Amino acid sequence: TSFLAFSETLLFSLVGPEDAMPRIVEQPPDLLVSRGEPATLPCRAEGRPRPNIEWYKNGARVATAREDPRAHRLLLPSGALFFPRIVHGRRARPDEGVYTCVARNYLGAAASRNASLEVAVLRDDFRQSPGNLVVAVGEPAVMECVPPRGHPEPSVSWKKDGARLKEEEGRITIRGGKLMMSLTLKSDAGMYVCVASNMAGERESGAAKLVVLERPSFLRRPVNQVVLADAPVDFPCEVQGDPPPRLSWRKEDGELPTGRYEIRSDHSLWISRVSAEDEGTYTCVAENSVGRAEASSSLSVHVPPQLVTQPQDQMVAPGESVAFQCETKGNPPPAIFWQKEGSQALLFPSQSLQPTGRFSVSPRGQLNITEVQSGDAGYYVCQAVSVAGSILAKALLEVKGASLDGLPPIILQGPANQTLALGSSVWLPCRVTGNPQPSVQWLKDGQWLQGDDVQLNLMANGSPDPPTEPSSPPGPPSQPVVTEISKNSITLAWKPNPQAGAAVTSYVIEAFRYRESLACKPGKLQERAPMFLNSRCYCGRGLLVPSPRVRRS
């Protein structure tokens with residue numbers, strides 16, 4: 001018992017009342033470091049007396065510069081192991097491994113957790129570099145690369161034309177080594193580089209070119225055209241695309257008009273002197289290596305109305321029927337109607353002019369009159385109208401017994417002013433015409449002369465025997481020619497008589513129109529009324545011979 005007590009007393013005196021075994025208070029972490037970069041493995045321990053720190057790699061003690069000047073690792077006062085520069089090669093990897101910190105004093109030892117030190121690596125060569133790609137606008141595009149081997153596994157990003165490429169939700173996505181574009185735009189074209197990076201650094205692949213071609217699209221489409229026959233027409237067509245599209249034109253169900261079309265520098269189609277045969281659909285075709293586009297437009301050619309069958313003058317007896325042909329053509333087909341001159345009523349196909357139904361027009365434009373009456377005599381006008389223009393033709397209906405050939409009395413030559421010696425003879429001409437033959441009477445100073453006056457010898461045509469005239473009157477002018485008719489006027493032209501005679505000082509125009517009774521009388525010019533016209537010279541010598549008559553239709 002005495003020996004045991006002595007031993008315990010001796011041990012207590014050797015350990016001391018405050019000494020303690022080592023205890024690790026800061027564990028070294030796992031490290032992933034870059035080659036050539038400094039690194040530190042911390043380890044802090046407590047104990048009394050202060051413990052010594054030792055490091056072990058993969059179970060073998062690590063030599064530090066304190067023990068071996070050739071060693072490249074340093075033991076810091078805190079107990080941390082410092083690597084001024086991580087050494088790591090393809091064959092030699094002296095710093096990579098599993099490290100353990102051990103703290104010792106005379107009471108014992110304490111070991112830290114095992115901490116791994118790994119060196120980040122990124123090889124130089126890409127296992128797969130992206131390749132050049134050609135797509136069309138709107139198509140998907142995928143570029144792919146496989147990054148170099150590395151530790152840790154490198155992440156992949158992309159650059160376009162030297163700038164970092166960002167993802168766009170729903171359109172541009174980066175997954176692993178794939179760059180995916182669901183809908184390419186023209187602006188996506190450029191040079192793309194795959195970038196691999198980790199702690200060891202960054203590597204860039206070779207550049208790949210993305211070419212975004214553009215299918216043909218129309219900047220200006222041809223439009224539907226409506227033109228008159230013989231007019232030119234121009235169909236515009238403007239396109240864009242990459243590569244620039246080739247343009248051509250075609251006519252559906254036909255050929256382009258030979259010798260009359262031209263494809264101009266702006267790709268428009270120009271046609272000269274269009275005709276009805278040119279009607280149809282014209283198509284502008286644009287093509288390049290990635291696509292084709294077409295745009296069509298129609299051409300409608302309006303042809304003014306033309307007469308196929310001209311109405312002819314006709315003469316019928318009362319009670320008979322008569323038909324006036326008036327067949328027309330045009331594009332669009334013209335509307336046809338008839339009108340009697342002097343009447344405001346219009347007669348259209350399948351429409352009766354009056355309740356009796358004697359007047360009608362067939363769908364082909366034929367005017368039919370049944371049970372003709374004397375009052376139906378006159379001019380009938382056929383008119384054809386469309387958006388392309390109008391045309392008219394007229395024909396005369398003569399009813400027997402109601403002829404329009406009757407003429408009013410016309411004085412062909414009247415008396416002229418004369419100065420004579422007392423007791424001499426005088427010849428006062430008065431040549432007349434008319435149908436029926438008119439009678440002739442004379443007035444002197446406003447009083448009717450009686451036929452039994454012994455001083456008056458009335459000749460056959462109402463004139464006394466003619467004495468020799470001292471000078472000849474001018475001859476009648478030529479028959480007037482109607483040169484223009486408007487709503488309120490008519491223009492006539494004639495030529496003076498080439499025979500010599502007294503000087504002409506003026507001309508007089510005489511007009512005779514039909515009344516409803518079919519008789520005629522001189523009067524005021526009326527629109528669309530049948531009439532006769534003649535001109536007469538005036539030279540201050542009385543009423544001279546008129547020109548031949550002209551009938552205005």
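Bear in mind these aren't lab numbers, they're just calculated from the coordinates by the rules spelled out. Nothing here was measured: the structure is a model prediction, and the numbers come from that model. All Cβ positions, even for glycine, are placed from backbone atoms using ideal geometry, and neighbour counts span all protein chains on display.
Below is a table of values for the structure above.
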item	result
Kirkwood hydrodynamic radius of the range 57-104, from inverse mean 1/r over distinct Cα pairs, in Å	11.7
Residues of type aspartates and glutamates that Lys57 reaches as a straight line, Cα spacing below 14 Å, ignoring anything fewer than 8 places off in the same chain	Asp30, Asp95, Glu96, Glu118
Fraction of the pair-distance distribution of the range 18-121 above 19 Å, Cα-Cα pairs, percent	41
Ranked list, fewest to most other Cβ atoms within 10 Å of each Cβ, for Trp448, Trp442, Trp338	Trp448, Trp442, Trp338
Sequence of Arg250, Arg164 once ranked by neighbouring C-beta atoms within 10 Å, starting from the fewest	Arg164, Arg250
The range 121-272 - charge dipole about Cα centre, Lys and Arg +1 at Cβ, Asp and Glu -1, debye rounded to 20	440
Violating pairs (Cα-Cα greater than 23 angstrom) within the set Lys166/Lys209; Lys340/Lys400; Lys394/Lys495; Lys340/Lys495; Lys186/Lys209; Lys251/Lys329	Lys394/Lys495; Lys340/Lys495; Lys251/Lys329
Label-point gap, in nm, between Thr281 and Gln373 - each point 7 angstrom along Cα→Cβ	5.7
Residues of the range 98-131 with amide N under 18 Å of the 7 Å Cα→Cβ point at Val146	122-131
Shape category assigned to the range 61-175 from the gyration tensor of Cα positions, a/c cut at 1.5	prolate
Centroid-to-centroid separation of the range 309-368 and the range 33-66 [C-alpha atoms, Å]	125
Coordinate range along principal axes, alpha carbons of the range 310-399, Å, largest first	39, 25, 21
Loop GluC sites (Glu not before Pro), the range 62-118 (other Cβ atoms within 10 Å of the site Cβ: 12 or fewer; DSSP)	Glu67
Cβ-based exposure ranking for Ser424, Ser386, Ser78, in which fewest neighbours within 10 Å come first	Ser424, Ser78, Ser386
Counted charge near Glu204, where neighbours are those whose Cβ lies closer than 11 Å (Asp, Glu -1; Lys, Arg +1)	0
Proportion of all alpha-carbon pairs of the range 108-192 beyond 21 Å (%)	44
Formal net charge of residues neighbouring Ala229 (Cβ-Cβ distance under 11 Å; K, R +1; D, E -1)	-3
Charge tally in the Cβ shell below 15 Å around Lys57, where Lys, Arg are +1 and Asp, Glu are -1, Lys57 excluded	-3
